[in-house]
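The values are calculated or read from the model by the stated rules, or taken from the named source; none is laboratory data. Just so you know, these numbers come straight off a predicted model, no measurement behind them. Please note: Cβ atoms are built from the backbone with ideal geometry, for glycine as well, and neighbour counts cover all protein chains shown.
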Amino acid sequence: MRDEDTGEEIVISNYTGPSGGWGSMKGMARVLPGEHPGPAVLDTLRRQNKPGGFMCVSCAWGKPAKPHTAEFCENGAKATAWELSSNRVTPAFFQRYTVSELAEWLDHDLEQAGRLTHPMRYDAATDRYVAASWDEAFAAIGATLKTCDPKKVVLYSSGRASLETSFMYSLFARMWGQQNLPDSSNMCHETTSVGLKNAIGSPVATIQLDDYEKCDAIFSFGQNVGTNSPRMLHTLKECRDRGVEIVTFNPLRERGWESFADPQNPLQMAKLQKPTTISTQYHQVRAGGDIAALLGMCKTVIEADDRALAEGGERVIDHHFIAQHCTRFDEFATFCRDAEWDRIVHESGLTRAAIEGAASVYMRAKAVIAVYGMGITQHRFGMDSLYMLVNFLLLRGNIGREGAGPGPVRGHSNVQGQRTVGITEKTELAPVERLKTLFEFEPPTEKGWDTVESCRAIISGECQGFVQLGGNFLRATPEHAAMREAWSKLPIAVHIATKLNRSHLHPGKESWILPCLGRSERDEQATGPQAVSMEDSFSHIYGSVGKVTPAADTLLSEPAIVAGLAKAVLAPNPNVPWDDWVGDYGLVRTAIENCYPDKFANFNERLFEPGGFWKGNPASHREWQTESGKAEFNVPRALNSSGFAEKEGRFRLVTLRSNDQFNTTIYGYDDRFRGIRGTRMVAMMNRADIARLGLSDGDRIALESDAEDGVERVVEGLRVVEYNIPEGCIGGYYPELNYLIPLEHHALESHVPAGKSVPVRIRP
Ligand SMILES: Nc1nc2c(c(=O)[nH]1)N[C@H]1C(S)=C(S)[C@@H](COP(=O)(O)OP(=O)(O)OC[C@H]3O[C@@H](n4cnc5c(=O)[nH]c(N)nc54)[C@H](O)[C@@H]3O)O[C@H]1N2
Ligand SMILES: Nc1nc2c(c(=O)[nH]1)N[C@H]1C(S)=C(S)[C@@H](COP(=O)(O)OP(=O)(O)OC[C@H]3O[C@@H](n4cnc5c(=O)[nH]c(N)nc54)[C@H](O)[C@@H]3O)O[C@H]1N2
Ligand SMILES: [Mo]
């Protein structure tokens with residue numbers, strides 16, 4: 001059987017091999033040839049994630065000071081090869097196809113067409129993009145943007161651009177008098193930025209990479225390590241080799257959390273040594289069930305402590321820590337004691353014995369790390385899930401000491417860093433006073449638009465212009481049908497990009513594609529070759545040097561493009577020498593240091609420190625920069641995070657990434673670890689649900705929104721795949737299913753679209 005759209009052979013099987021191993025070698029080998037990579041790819045891979053080398057454009061996992069011989073993974077290699085494709089999208093390509101034709105292409109085919117080479121302007125008369133010079137592009141874009149109300153223009157960034165570029169971009173926005181600076185983080189770990197800040201006063205992980213050498217238990221929630229941060233598997237294997245217990249909560253049995261064969265271990269590769277079992281316990285929680293699962297564990301811990309206190313035994317909770325450092329513990333403890341097991345079991349989908357078994361690991365462990373990803377953050381009550389995770393850690397003092405703490409695994413390679421250097425819509429997170437004194441202008445104080453607010457403004461027609469620094473906003477955001485229609489009415493859209501994507505293909509009145517260098521490419525400026533920098537999930541900052549000959553000599557670097565736009569829009573300001581900055585990125589780093597002296601002292605000197613330099617984290621030494629000055633316990637507002645009631649026929653749709661994609665970039669159609677090949681149009685369903693509905697494996701169904709807001713949202717042509725997933729949940733792929741997510745279905749405070757629990761039903 002073949003997929004009608006892709007023409008690929010569909011094979012659904014049960015993958016039983018480990019993550020890593022020969023499969024990852026084959027995975028790389030399959031994607032690389034399509035890109036016709038030259039020797040530059042191998043050379044780049046050799047330098048990937050090593051001190052003084054090139055920092056991978058895939059995930060944000062830490063780069064160790066003492067790297068492995070090959071410090072890259074299957075998916076990092078795919079990302080590098082994808083960037084270094086020898087295919088080109090030239091002006092001749094755009095002569096061949098109209099934009100309406102290209103809009104019909106699959107996401108995979110658009111990006112596989114290759115690297116963009118020239119600045120392109122949309123010509124409505126011919127429905128084609130036509131080439132322009134850089135001078136023409138900047139002049140025309142500047143002329144239009146100057147007619148807009150800056151407060152109604154969005155300056156989006158996808159989390160890949162460097163610290164230097166991001167700083168310049170956010171400065172451009174504020175000098176223009178606005179801070180509509182949503183970034184991909186708004187769809188991702190913004191729940192972390194808001195929730196951890198509220199609870200412990202630091203918006204990011206409190207742990208560093210070497211804390212993994214000191215923990216004795218890891219609890220993981222809603223993260224897919226084998227696909228999304230495969231280098232972390234080496235860390236987990238090292239933990240397992242030391243006897244660390246790993247307890248995983250995930251509706252799906254993700255292969256990476258089950259088993260791993262280290263491609264750099266000859267014995268495991270020769271199958272002379274068994275693959276490493278990663279999780280010692282695996283709990284298939286219902287989507288949205290983490291609050292209840294964590295509550296059950298907290299209840300077990302608190303009641304064990306109550307017993308110890310009554311019987312004069314050794315305390316189970318760290319009561320010294322709680323008394324000295326925390327607030328609202330009593331309220332939380334009462335809530336846990338009162339919670340009924342029936343409800344905990346129902347909401348979590350786990351048995352009481354399973355939850356107590358997990359809690360017993362926690363109570364034995366001296367130092368616990370809690371790892372998590374989108375399974376926690378992308379829910380209506382995602383903040384409550386996160387608060388529960390913090391409560392759980394606080395009970396035994398597992399924050400602010402060695403080998404313990406929350407470990408959000410961030411997405412894009414510099415998404416955390418962008419926030420650090422000013423990409424934020426929130427005034428309180430911007431260095432307002434320093435901007436005033438250093439650059440002598442009056443920064444805006446009115447809050448800007450985040451991603452959801454930007455989408456609202458686009459749909460309502462209030463938005464007058466959209467600039468995107470990387471990414472694929474139209475494809476990544478929810479409410480896809482309405483967004484697509486509104487997108488094509490935007491007065492002006494400007495896309496700084498390496499590859500063609502859907503956001504470029506629904507042009508409004510004026511649309512531009514500005515092609516830029518990739519991070520792996522040599523960036524030659526007036527003072528010579530330049531380095532850029534980024535921040536990983538552990539707040540470590542690294543320099544990165546691209547060495548490969550650029551895809552075209554017509555490309556500009558991202559800093560040069562941002563400077564070009566800023567100069568075209570803003571009045572000159574002698575304190576902001578855009579051209580000098582483009583000539584020497586070291587000067588941008590000096591400006592960053594001047595703006596953020598605590599985090600970036602001696603930035604240029606420390607750029608290539610092995611393992612990166614650490615920007616510090618107050619909660620890691622128990623300094624709580626919260627409202628109360630303490631670490632805060634929080635009682636959850638609901639027992640499941642989906643934010644909608646259960647109802648006959650209603651399912652919780654979980655939107656997932658396959659092993660063959662990087663967000664909206666689709667490398668191929670093989671979701672190896674899940675045994676789904678050849679198609680992405682699937683609905684992974686529990687056997688009992690399939691039977692109850694009178695369906696069969698392989699049937700075609702349509703899913704529709706069950707949000708009860710009167711809006712029709714449908715995706716047709718999905719193939720039922722019988723899958724090991726809890727009853728009442730359906731798994732499917734992002735971005736294809738973004739039609740089904742209502743814009744207003746987002747995490748309450750952080751506004752992260754709630755893509756992990758979307759109310760849907762099967763269309764009769
Ligand atoms: N190769 C590759 N690497 C990537 C990316 C990529 O697309 N491809 N994307 C990057 C980006 S931007 C990000 S943000 C990260 C994303 O990495 P992850 O945080 O791993 O995000 P997802 O792939 O969306 O997977 C979320 C996981 O949560 C589980 N889950 C869903 N709902 C729930 C729930 O209610 N509770 C629990 N406990 N689990 C749940 C799913 O089964 C899945 O395993 O990866 C980054 N790295
Ligand atoms: N339903 C659902 N929706 C989701 C998610 C989900 O789990 N479920 N996940 C959300 C998350 S976590 C995220 S982070 C967002 C991702 O949203 P985005 O970050 O906006 O999307 P990407 O797919 O990463 O962007 C891919 C494009 O980036 C451009 N690009 C690649 N490299 C470079 C570069 O070096 N420079 C520049 N300028 N451009 C470059 C290419 O043109 C490519 O087409 O999606 C979100 N949407
Ligand atoms: Mo992300």
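Descriptive notes on the structure:
- Within the range 6-42, the set of residues being at pLDDT 85 or above and charged (D, E, K, R) comprises Glu8, Glu9.
- Any hit, the range 183-201, residues being over 20 Å from Asp384 (Cα atoms) and away from ligand 3 (no atom under 16 Å from the Cβ): no
- Any hit, the range 665-688, residues being out of contact with any Ser or Thr (no Cβ under 9 Å at 6 or more places or on another chain) and either among the acidic types (Asp, Glu) or within 30 Å of Lys197 (Cα to Cα) (or both): no
- Filtering the range 313-350 to residues that are part of a helix (DSSP H, G or I) and among the hydrophobic types (A, V, I, L, M, F, W, C) leaves Phe321, Ile322, Ala323, Phe329, Phe332, Ala333, Phe335, Cys336, Trp341, Ile344, Val345.
- Any chance Gln223 is in contact with a Phe, Trp or Tyr (Cβ under 9 Å, 6 or more places away or on another chain), modelled with pLDDT of 95 or more and away from ligand 2 (no atom under 16 Å from the Cβ): no
- Test for Pro263: is it more than 25 Å from Ser348 (Cα to Cα) and not in a helix (DSSP H, G or I): yes
- Any hit, the range 541-551, residues being among the small types (Gly, Ala, Ser) and out of contact with any strand residue (DSSP E or B) (no Cβ under 6 Å at 6 or more places or on another chain): no
- Residue identified as hydrophobic (A, V, I, L, M, F, W, C) and either modelled with pLDDT under 95 or closer than 30 Å to Met388 by Cα (or both) among Ala568, Ala563, Ala591, Ala638: Ala638
- Test: Glu453 is under 30 Å from Arg115 (Cβ atoms) and assigned to a helix (DSSP H, G or I): no
- From Ala353, Ala359, residue being under 30 Å from Gly243 (Cα atoms), free of Cβ contacts under 8 Å to residues at least 24 places away in the same chain and outside any strand (DSSP E or B): Ala353
- The condition (being of a type in the set (A, V, I, L, M, F, W, C) and either within 16 Å of ligand 2 (Cβ to nearest atom) or closer than 23 Å to Lys630 by Cβ (or both)) is satisfied by just one residue among Val361, Val368: Val368.
- Qualifying residue in the range 250-260 (condition: in contact with a Pro (Cβ under 8 Å, 6 or more places away or on another chain), of a type in the set (S, T, N, Q), more than 30 Å from Thr437 (Cβ to Cβ) and surrounded by fewer than 24 Cβ atoms within 10 Å (Cβ to Cβ)): yes
- The lone criterion from (1) surrounded by 24 or more Cβ atoms within 10 Å (Cβ to Cβ); (2) under 23 Å from the mean Cα position of the chain (by Cα) left unmet by Met483 is number (1).
- Consider the range 85-131 and keep the residues that are aliphatic (A, V, I, L, M) and part of a loop (DSSP other than H, G, I, E, B). The one that is nearest to Thr44 (Cα to Cα) is Ala113.
- Among residues of the range 458-471 that are in contact (Cβ under 8 Å) with a residue 12 or more places away in the chain, those with a Cβ under 7 angstrom from a residue that is among the basic types (Lys, Arg) and away from ligand 2 (no atom under 14 Å from the Cβ), sequence gap 6+ or separate chain, pair up as Gly461/Lys489; Glu462/Lys152; Cys463/Lys152; Gln464/Lys152.
- Some residue of the range 63-80 being within 16 Å of ligand 1 (Cβ to nearest atom), in a loop (DSSP other than H, G, I, E, B) and touching an Asp or Glu at 6+ places or on another chain (Cβ under 7 Å): yes
- Subset of the range 126-166 that is aromatic (Phe, Trp, Tyr) and over 20 Å from the mean Cα position of the chain (by Cα) - its residue that is surrounded by the fewest Cβ atoms within 10 Å (Cβ to Cβ): Trp134
- Output for the range 744-758, where each listed residue is within 14 Å of Gly732 (Cβ to Cβ) and away from ligand 3 (no atom under 16 Å from the Cβ): Ser757, Val758
- The set of residues in the range 547-558 that are closer than 25 Å to Gly62 by Cβ and surrounded by 24 or more Cβ atoms within 10 Å (Cβ to Cβ) contains only Glu558.
Each row is one residue, and each column tells you yes or no for (1) surrounded by fewer than 23 Cβ atoms within 10 Å (Cβ to Cβ); (2) under 30 Å from Thr16 (Cα atoms).
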| site | (1), (2) |
| --- | --- |
| Leu639 | yes, no |
| Leu653 | no, yes |
| Arg657 | yes, yes |
| Ile666 | yes, yes |
| Gly678 | yes, yes |
| Met684 | no, yes |
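- Here Ala645 meets each of (1) among the aliphatic types (A, V, I, L, M); (2) assigned by TED's automatic domain parsing to the domain that holds Phe538; (3) under 23 Å from Glu704 (Cα atoms) with one exception, condition (2).
- Any helices (runs of 4 or more DSSP H) falling wholly within the range 463-581 and containing at least 2 residues that are away from ligand 2 (no atom under 11 Å from the Cβ): 480-487, 558-569
- Every condition in (1) away from ligand 1 (no atom under 16 Å from the Cβ); (2) surrounded by 20 or more Cβ atoms within 10 Å (Cβ to Cβ) holds for Gly243 except the one numbered (2).
- Filter result for Glu433 (under 21 Å from Phe167 (Cβ atoms), part of a loop (DSSP other than H, G, I, E, B) and modelled with pLDDT of 95 or more): no
- Test result for Ser220, farther than 25 Å from Ser533 by Cα and under 22 Å from the mean Cα position of the chain (by Cα): yes
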